[in-house]
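The values are calculated or read from the model by the stated rules, or taken from the named source; none is laboratory data. Because the structure is a prediction, the values reported are computed rather than measured. Neighbour counts run over all protein chains shown; Cβ positions are idealised from the backbone, glycine included.
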Amino acid sequence: MKEHSYTIAEVAKMLGVSPSTVSRAMNNSPGVSKAVREKILDFVDEIGYHPNTIAQSLSRGTSNMVALILGDIRNPFYSDLAFYIQRHLTEQGYIVTTFNSEYDPDKEAQYMRIAQQYSYGGIILVTVNSEAADKYLTNMDIPLLMVNRITSNYDGSLVVTDNFQAGYIATRHLINLGHKEIGFISGHHQSSTASYDRYRGFRQALSNYHLEYREEYCSYNKDWRLETGYQAAEEYFAKDADSRPTALLLANDLLAIGFMDYCGSHGIKIPDELSIISFDNIEYANLSQIQLTTVSQHVELMSEEAARLMVSLMTKSQVEPKRIILEPTLVIRKTTGPCPGM
């Protein structure tokens, strides 16, 4: 059949269905049987019908496009979030575009501008850099949802883990194992509220259990990547043994796995010589050769709540800002043990 600039109404008439049925079939939305969906998709492919999503959005004043801005798509925690958020939104007929900011505040601001320029219906901000958001949020005129981060100038909707509680229960676990000298290794605090809140929880647990906080037991690095964890271990074991704690919290699982990679290649036994605990509970943490004790953020639940809230904001069924705080869970595996000498 010769290609022609058809409207959705014309396509629906030729098929003998309603325009909304054609739309649901093309967006993979529920409410259309498999047979009808396949019939519609085969037909639109045959006639070369391709709806102009942006034009449709402008004409009706709404859009089904969502911009998902991440800090580092290579981080399994972020990639899992992206996977589940996209799956939930796609099932409801939304189109998700993923942007990777690489922790760069200029890129983050650039992607938010792009979302506005191309009339996206909403933005989900899942990243660790607060600088761009704080400068740009006041100019946003489309629904915005923050996931896994809080900034000082933002009073809108968000979905986060209680990272203060995560830091607290991780430290308490080590204390209950008899550790009194505990350190904290992180990326850059100023660009990650999640990391800083975990650090505050760590400090609070030490205080509540009357243990001394020692700055020399802590280090702050450029980011939260695997290779950074390895480098942090090189620096850590270069210190005199008397200047090292018996247990460490690392601000995410990637840092911890990188740190453990160094330990494994240098004959350092975990947890016999050093206990390690971290945060996120990414899939790799449960590999048989790693078995990392960590604090879970429940990524699937976080994604589901984020997708549901984003839809509510875009359809205006949720008008007032909503803040969803998820409880973390301690997952005990094999990288934490009793304090040496106990």
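Looking at Leu248, Leu211, which one is closer than 18 Å to Ile169 by Cβ, of a type outside the set (D, E, K, R) and surrounded by 19 or more Cβ atoms within 10 Å (Cβ to Cβ)?
Values: Leu211 fails: surrounded by 19 or more Cβ atoms within 10 Å (Cβ to Cβ).
The conditions single out Leu248.
Scan the range 153-168 and tell me whether some residue there is part of a loop (DSSP other than H, G, I, E, B), of a type in the set (S, T, N, Q) and within 27 Å of Ile324 (Cα to Cα). Working first, answer last.
Initial filter on the range 153-168 (part of a loop (DSSP other than H, G, I, E, B)): 153-156, 162.
From what is left, the residues that are of a type in the set (S, T, N, Q) are 153.
If we keep only those that are within 27 Å of Ile324 (Cα to Cα) as well, we get 153.
Checked the range 153-168: at least one residue is part of a loop (DSSP other than H, G, I, E, B), of a type in the set (S, T, N, Q) and within 27 Å of Ile324 (Cα to Cα).
Going by the conditions given, is Leu326 loosely packed, with under 14 Cβ neighbours inside 10 Å, over 23 Å from Tyr94 (Cα atoms) and among the aliphatic types (A, V, I, L, M)? Write out each step before concluding.
Working: loosely packed, with under 14 Cβ neighbours inside 10 Å: no; over 23 Å from Tyr94 (Cα atoms): yes; among the aliphatic types (A, V, I, L, M): yes.
Against the criterion (loosely packed, with under 14 Cβ neighbours inside 10 Å, over 23 Å from Tyr94 (Cα atoms) and among the aliphatic types (A, V, I, L, M)), Leu326 does not qualify.
Condition test on Ala241, is it under 25 Å from the mean Cα position of the chain (by Cα) and in the same structural domain as Tyr199 (by the TED database)? Outline the logic, then answer.
Values: under 25 Å from the mean Cα position of the chain (by Cα): no; in the same structural domain as Tyr199 (by the TED database): yes.
No; evaluated as a whole, the condition is false for this residue.
Taking the range 164-185 as the region of interest, how many residues are surrounded by 23 or more Cβ atoms within 10 Å (Cβ to Cβ) and among the polar types (S, T, N, Q)?
So the answer is 1.
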